[in-house]
Amino acid sequence: MANVESENLKASNYCVSFIDLLGQRDTARGQGLLPSIKSEAEDKTFRIILRDNIGAIFQLQHDVEAMVKAASPNPNSPLRNNLSEQDKAIWDEILKKSVKTQYWSDGFVSFVCLGDQEIKCPLNGVFEIFCTTGYFCLLGLARRRPVRGAIDIAWGVEIRPGELYGPAVTRAYELESKVAKYPRIVVGHEVVKFLKVHIANPEDDPFTQANRDFAQRCLDMLVQDVDGYWIVHYLGDTFRWAVTHEQHGILHEKARAFVIQQTEEHRKLLNSKLAFRYSQLLTYFDTHMSSA
C-alpha cells in the first residue's frame, strides 16, 4: 500500500457542481450478460438497448464539451480589440479561468479551485458553473432526457489533475441525491454566503470589481424554491440574457410540454412520488411563464 504523506497533498476550497442523468436505472433494469446474438434482428434489438443505455451519456458528454468550448474567451472579441494594450492584459486576466470536468458514470462533476493564485477572478469560473448546470437542466427537459444537480462549496484535493476528491464533491453529491429529487439545480447555502461576501467587498481594483460583478450575476440567477432551498433560475431573465438568448422561448416550450406529459403519466400510473415532483416542477414553469 502506498504511503501518502499529508504534506504532499494540497487542499483548497472548490466550487463543485454534480450533475446526474435521470432514468438510467430504468434503462438498465433486467440487463445482465451480453446476449448471444445469432441474427440480424437480434443484433438490431440489442443495438436499441445499447443506444437507450449509453446513447444519452454520450450525448450529455458531447454537450458538455460543446458548452466548454462555447464558454472559452474569444481573443478576437470586438470589445477586447478596442482596448489599450494595458487594458487588454487586464481583460485577459479577468476572463482567465480554470473550470475542470470529471465524468462520473451517468453524470459529471465540474469544479473550479477558489484558491488558485494564477486565477485573479475565480468567480468567473463559478459563473460558468451556474450557467452550465442551469443550461443542462433546461436542455435535458427539452430533450426528454432530464437531469438534476447541485452546486456547493467546501475543501477538496486534486489527487491527479482533473480528479477531485473530498468534502467539496461529497456535499454537492449529497445535495443532488438527497435534496434535489427532481430536475432542478440546488445551490448550497454556503455558496450563497460566498457570493454575498464578494458582493460586499468594497475594494475597487479591476479584479475585485469583476469578482463582485460575477458574484452578483450568480446571485441574480437564483430563486428560492418552495422547500426553502435556492435553485438555479434557468427560466429567469438573467439566465436568458447570459445563456439561452434567442433559444430561450423554444427550450421553455419543449421543456414545459415534457413536464406536463410526465406529470400526467405518473398520475395515471399512481406513482405518487414522481407525480408530486413533476407537479412541483410544473408549478415552477407556470410561475415563470412571463420569462419565456
Only one of these is surrounded by fewer than 19 Cβ atoms within 10 Å (Cβ to Cβ), over 21 Å from R145 (Cβ atoms) and either of a type in the set (A, V, I, L, M) or modelled with pLDDT of 95 or more (or both): A200, A292. Name it.
A200
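Out of the residues in the stretch 41-97 that are assigned to a loop (DSSP other than H, G, I, E, B) and over 29 Å from the mean Cα position of the chain (by Cα), which is farthest from F207 (Cα to Cα)?
Among residues in the stretch 41-97 that are assigned to a loop (DSSP other than H, G, I, E, B) and over 29 Å from the mean Cα position of the chain (by Cα), the one farthest from F207 (Cα to Cα) is N82.
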Please work out which residue is modelled with the highest pLDDT, limiting yourself to the stretch 119-160 and to residues that are within 23 Å of Y229 (Cβ to Cβ) and of a type in the set (D, E).
D152
Specify which of the listed residues (V259, V187, V192, V179) is buried (at least 19 other Cβ atoms within 10 Å of the Cβ) and within 21 Å of S110 (Cβ to Cβ).
V187
Of the candidates E246, E264, the one satisfying the condition of being out of contact with any helix residue (DSSP H, G or I) (no Cβ under 7 Å at 6 or more places or on another chain) and modelled with pLDDT of 95 or more is E264
Give the residue, chosen from H252, H245, that is under 13 Å from L138 (Cβ atoms) and surrounded by fewer than 13 Cβ atoms within 10 Å (Cβ to Cβ).
H245
What pairs come up if the first residue lies in the stretch 31-58 and is closer than 23 Å to R144 by Cβ, the second is at pLDDT below 75 and surrounded by 10 or more Cβ atoms within 10 Å (Cβ to Cβ), and their beta carbons are under 7 Å apart, counting only those six or more places apart or on different chains?
F46/P35; D52/T27; N53/T27; N53/A28
Sort out which residues of the stretch 55-93 are touching a strand residue (DSSP E or B) at 6+ places or on another chain (Cβ under 7 Å) and among the small types (G, A, S), and write them in order of number.
A56
Consider A150 carefully, then state whether it is closer than 19 Å to K193 by Cβ, surrounded by fewer than 22 Cβ atoms within 10 Å (Cβ to Cβ) and in contact with a Phe, Trp or Tyr (Cβ under 8 Å, 6 or more places away or on another chain).
no
Pairs, please: C-beta under 7 Å, at least 6 apart or cross-chain, first residue modelled with pLDDT of 70 or more and in the stretch 69-93, second assigned to a loop (DSSP other than H, G, I, E, B) and surrounded by 11 or more Cβ atoms within 10 Å (Cβ to Cβ)?
W91/L83; E93/K120
Would you check if there is a residue in the stretch 30-38 being modelled with pLDDT of 70 or more and among the charged types (D, E, K, R)?
yes
For residues in the stretch 228-270 being outside any helix (DSSP H, G or I) and either in contact with a Ser or Thr (Cβ under 7 Å, 6 or more places away or on another chain) or in contact (Cβ under 8 Å) with a residue 40 or more places away in the chain (or both), which is farthest from M67 (Cα to Cα)?
Y229
Given the condition surrounded by fewer than 24 Cβ atoms within 10 Å (Cβ to Cβ), among the hydrophobic types (A, V, I, L, M, F, W, C), touching a Cys at 6+ places or on another chain (Cβ under 8 Å) and over 20 Å from V192 (Cβ atoms), answer yes or no: does some residue in the stretch 119-139 qualify?
yes
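The values are calculated or read from the model by the stated rules, or taken from the named source; none is laboratory data. All values reported here derive from a predicted model rather than from experimental measurement. Glycine gets a Cβ as well: all are built from the backbone with ideal geometry, and neighbour counts include every protein chain shown.
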